Amino acid sequence: MTVSTPLMRALGGNDTLLRQGALVLFGSVLVGLSAQISVPMYPVPMTLQTLMISLIGLTYGARLAGATLLAYLAQGIMGFPVFAGGAAGLAYLAGPTGGFLLGFVAMAWLTGYLVERGMSRGLGRLFLAAFIPALLLFVPGVLWLWTVTPLDFERAVMAGAVPFQLGGIVKSAVAALIVSGAWAALAARKS
């Protein structure tokens, strides 16, 4: 299977450690900021984090996207208020949203992996590259929620997955539109 170039590499510039570090820092800050834009729901708030994670995965590629989300988690563990509602600390990962937070790393990596494996262009392919990992995020999210709360499995699904499905479709479509538009702009600039 051929490896496709993610958008950030296609934009050019040196692929130096400094540039990669800057992209990781920039992306992790974006995820932290997007966590503050939320609709309070219990026990899992609805935020714009998955939109940012999809954008990072669609543009960075697997390794850089995964590293970005690991940096985001590290920032939160160190006490920076990057989790939803300005929360921080290692203890927050043990709460109801811990499975989602840990799943963010896999979501970013898988989105980037799909892009690198040929789903980097075309609105439909970009949508699938964003939506499939976003959908799979509910596996660790709901399992963790079920484990750490008194909710039974059905209620954990109803609280931690069902209310977020429409938003997941919309966020995946928005991410695909943005990245598809960026590819079109890049192609127009080069011609």
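The values are calculated or read from the model by the stated rules, or taken from the named source; none is laboratory data. None of these values were measured; they are calculated from a predicted model. FYI the Cβ positions are ideal-geometry reconstructions off the backbone, even for glycines, and counts take in every protein chain you see.
Of all the listed residues (P150, P163), the sole one being surrounded by fewer than 17 Cβ atoms within 10 Å (Cβ to Cβ) and touching a strand residue (DSSP E or B) at 6+ places or on another chain (Cβ under 8 Å) is P163.
Of all residues in region 136-147 being among the aromatic types (F, W, Y) and over 23 Å from V174 (Cβ atoms), which is surrounded by the most Cβ atoms within 10 Å (Cβ to Cβ)?
Among them, the one singled out is W144.
For region 1-46, a tally of residues being under 16 Å from V105 (Cα atoms) and among the β-branched types (V, I, T) returns 3.
Looking at Y42, Y60, can you tell me which residue is of a type in the set (F, W, Y), at pLDDT below 95 and at negative phi? Criteria check complete, one pass: Y42.
Listed by first and then second residue, the pairs linking a residue in region 116-135 that is assigned to a helix (DSSP H, G or I) and buried (at least 23 other Cβ atoms within 10 Å of the Cβ) to a residue that is modelled with pLDDT of 95 or more and charged (D, E, K, R), with Cβ atoms under 8 Å apart and 6 or more places separating them unless they lie on different chains, are A130/K171; A134/K171.
Would you say A106 is under 22 Å from L64 (Cα atoms), surrounded by 15 or more Cβ atoms within 10 Å (Cβ to Cβ) and under 15 Å from the mean Cα position of the chain (by Cα)? Yes: the conditions hold for A106. Restricting the search to region 1-46, which residues are assigned to a helix (DSSP H, G or I), under 30 Å from A159 (Cα atoms) and not hydrophobic (A, V, I, L, M, F, W, C)? Correct list: G27, S28, G32, S34. Within region 1-50, being in contact (Cβ under 8 Å) with a residue 60 or more places away in the chain and within 23 Å of V82 (Cα to Cα) holds for V31, M41, Y42, P43, V44, M46, L48, T50. Checked against the criterion of being within 21 Å of A22 (Cα to Cα) and either crowded, with 23+ Cβ neighbours inside 10 Å or hydrophobic (A, V, I, L, M, F, W, C) (or both), the candidates A91, A84, A67 yield just one match: A67. What tally of residues in region 136-150 results from selecting those that are out of contact with any Asp or Glu (no Cβ under 8 Å at 6 or more places or on another chain) and free of Cβ contacts under 8 Å to residues at least 60 places away in the same chain? Residues that pass the stated criteria total 10.
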